[in-house]
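Working notes, beginning with the structure itself.
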Amino acid sequence: MEGWWEIMKVKNRAYIKRLAKNILNANKSRRNILLLAIALTSILFTSLFSVALGLGKSMETQTMKTIGTISHGSFKELSDEDVEILTHDKDIKDFSVREKVGILDDEKISAELSYMDKKGFEWSLIEKVKGKFPEKENDVFIDLATAKKLGYKGEIGEEIEIPYSIEKPYTGEIIEKKSDKFIISGTF
């Protein structure tokens with residue numbers, strides 16, 4: 001790498017080096033300010049990159065929370081044929097299926113009833129899990145806030161009745177209103 005004295009095409013390099021050292025040593029406060037400026041600039045750029053990387057990670061986490069899973073992709077309202085095509089795609093390494101069963105039929109509570117396989121359950125971003133994954137048809141995994149709004153304690157093993165509506169796919173038109181009894185197998 002060329003020094004600045006080589007760019008200037010000066011014949012007496014040793015003299016210029018000595019002169020530069022003498023200037024820096026003669027004014028120690030200027031040298032200290034220069035070193036402080038270099039250190040602060042390094043800290044500034046380190047902080048800037050740390051904040052930028054942290055912001056990117058935070059946006060990624062927020063997107064995952066919006067989708068509700070740590071998986072890298074999510075599709076909604078797919079037909080069985082679409083699911084079959086996607087499961088055989090060479091770029092898809094693993095998948096989970098979550099099927100919407102209906103929506104809670106309560107004016108005060110907005111919630112969705114859905115079936116999720118075990119892998120989807122493991123990929124979910126749910127916290128403070130108690131109990132276990134539903135294994136029987138009448139088992140339910142419910143969040144405590146919804147259980148309490150429905151008038152239940154939300155204890156594992158408790159029998160609850162859930163009124164829900166079944167919607168027509170792609171339109172949201174209500175086909176049927178139902179109410180079934182479930183046993184709480186787990187809460188979050």
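Table: residues versus (1) under 23 Å from PHE182 (Cα atoms); (2) aromatic (Phe, Trp, Tyr); (3) part of a helix (DSSP H, G or I).
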| residue | (1), (2), (3) |
| --- | --- |
| ILE38 | no, no, yes |
| THR46 | no, no, yes |
| GLY54 | no, no, yes |
| HIS72 | no, no, no |
| LEU78 | no, no, no |
| LYS100 | yes, no, no |
| LYS108 | yes, no, no |
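Return the pair list, or none, for Cβ contacts closer than 7 Å from residues in region 149-163 that are touching a residue at least 60 places away in the same chain (Cβ under 8 Å) and of a type in the set (Val, Ile, Thr) to residues that are loosely packed, with under 11 Cβ neighbours inside 10 Å and outside any strand (DSSP E or B), at least 6 apart or on different chains.
Filtered contacts from region 149-163: no entries.
Hey, could you check region 60-108 for residues that are among the hydroxyl-bearing types (Ser, Thr, Tyr) and in contact (Cβ under 8 Å) with a residue 40 or more places away in the chain and say which is surrounded by the most Cβ atoms within 10 Å (Cβ to Cβ)?
Checked region 60-108; the qualifying residue surrounded by the most Cβ atoms within 10 Å (Cβ to Cβ) is THR69.
Among the residues of region 109-122, count how many are loosely packed, with under 14 Cβ neighbours inside 10 Å and either outside the structural domain of ALA145 (by TED's automatic domain parsing) or in contact with a strand residue (DSSP E or B) (Cβ under 6 Å, 6 or more places away or on another chain) (or both).
Qualifying residue count, region 109-122: 3.
Do you know which residues across region 171-185 are assigned to a strand (DSSP E or B) and farther than 12 Å from ALA147 by Cα?
Step one: list which residues in region 171-185 are assigned to a strand (DSSP E or B), which gives 174-185.
Once the filter is applied, which keeps residues that are assigned to a strand (DSSP E or B) and farther than 12 Å from ALA147 by Cα, region 171-185 yields ILE174, ILE175, GLU176, LYS177, LYS178, SER179, ASP180, LYS181, SER185.
Scan region 123-130 and tell me whether some residue there is modelled with pLDDT of 85 or more, surrounded by fewer than 17 Cβ atoms within 10 Å (Cβ to Cβ) and not in a helix (DSSP H, G or I). Don't jump to the end; show me each part of the working.
Pass one, region 123-130, residues modelled with pLDDT of 85 or more: 130.
From what is left, the residues that are surrounded by fewer than 17 Cβ atoms within 10 Å (Cβ to Cβ) are 130.
So of that shortlist, the ones also not in a helix (DSSP H, G or I) come out as 130.
Yes, region 123-130 has at least one match.
Of these, PHE141, PHE133, which one is in contact (Cβ under 8 Å) with a residue 24 or more places away in the chain, closer than 24 Å to SER179 by Cα and part of a loop (DSSP other than H, G, I, E, B)?
Working: PHE141 fails: part of a loop (DSSP other than H, G, I, E, B).
Checking each option against the conditions leaves just PHE133.
Count, please, the residues in region 151-170 that happen to be among the β-branched types (Val, Ile, Thr) and assigned to a loop (DSSP other than H, G, I, E, B). First the steps, then the outcome.
The first filter runs over region 151-170 and keeps only residues among the β-branched types (Val, Ile, Thr), leaving 156, 160, 162, 166.
Among the residues that remain, those that are also assigned to a loop (DSSP other than H, G, I, E, B) are: 156.
Adding up the residues that qualify gives 1.
The values are calculated or read from the model by the stated rules, or taken from the named source; none is laboratory data. Small disclaimer: the values here were computed from a predicted structure and weren't measured. For neighbour counting, all protein chains shown are included, and Cβ atoms are generated from backbone atoms with ideal geometry for every residue, glycine included.
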